[in-house]
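For reference, the structure discussed in these notes is given below.
The values are calculated or read from the model by the stated rules, or taken from the named source; none is laboratory data. This is a predicted model, so every value here is computed, not measured. Virtual Cβ from ideal backbone geometry, glycine too; neighbours counted across all protein chains shown.
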Amino acid sequence: MQWWIYALITMLMFGTTNFLVKYAAHNNMDSIFASIVLWLATGATGLVFLAIYSKEFMYNLKNTTPWLLLLPIIAGVALAIGMYSIKIALTKGPAGPTVAITAANAFLVAALAYVLIGEELSPLKIIGMLVIFAGIVLLTL
């Protein structure tokens, strides 16, 4: 499957997640409780994938440099903090601007990929990022 199909699936799943959390908050569900339930569901999903890919997991665990394992661990902690923060933001603020601001993480990812691993940023991609950024600004007004 093409990378962009996975990206679209991600957009749909993240959008569904954020809407459901906003809907729960709209119905007075406590945001901390919602975050805990979400993390438990995420962990359960991880266990399902571990069961499916257990051979690949063990192979990679044995063949990955230990310091490199820190990267997904740190990413997991950052994701949990980000998930908690967006749940609070969705509870206290409007859904559209909240999610638009969080979507600006694409700029950080692109900039870090450019600076740290040398990923190409063409002038057209930079213009596209600026247009998206302008859209986010307009959405938050």
Inset, instruction - Scan region 129-141 for residues that are surrounded by fewer than 12 Cβ atoms within 10 Å (Cβ to Cβ) and under 11 Å from PHE107 (Cα atoms) and report the count. - result: 1
Legend entry - Residue tally, condition modelled with pLDDT of 90 or more, of a type in the set (A, V, I, L, M, F, W, C) and in a helix (DSSP H, G or I), over region 15-31: 3
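Conditions tested, residue by residue: (1) touching a residue at least 12 places away in the same chain (Cβ under 8 Å); (2) of a type outside the set (Lys, Arg).
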residue	(1), (2)
PHE19	yes, yes
ALA34	yes, yes
VAL37	no, yes
LEU40	no, yes
VAL48	no, yes
LYS62	no, no
LEU70	no, yes
THR102	yes, yes
GLY118	no, yes
Legend entry - ILE81 exposed (fewer than 11 other Cβ atoms within 10 Å of the Cβ), closer than 27 Å to HIS26 by Cα and β-branched (Val, Ile, Thr): yes
Legend entry - Filter result (in contact with a Lys or Arg (Cβ under 9 Å, 6 or more places away or on another chain) and at pLDDT 90 or above) within region 66-93: none
Inset, instruction - Within region 97-121, track down each residue that is exposed (fewer than 12 other Cβ atoms within 10 Å of the Cβ) and either touching a His at 6+ places or on another chain (Cβ under 9 Å) or in a loop (DSSP other than H, G, I, E, B) (or both). - result: GLY118, GLU120
Legend entry - Criterion (of a type outside the set (D, E, K, R) and either touching a Gly at 6+ places or on another chain (Cβ under 9 Å) or modelled with pLDDT under 90 (or both)) met by exactly one of ALA34, ALA44: ALA34
Legend entry - Residue identified as in a helix (DSSP H, G or I) and under 22 Å from PHE19 (Cβ atoms) among LEU139, LEU124: LEU139
Inset, instruction - Give the number of residues within region 3-31 that are surrounded by 10 or more Cβ atoms within 10 Å (Cβ to Cβ) and more than 20 Å from VAL99 (Cβ to Cβ). - result: 1
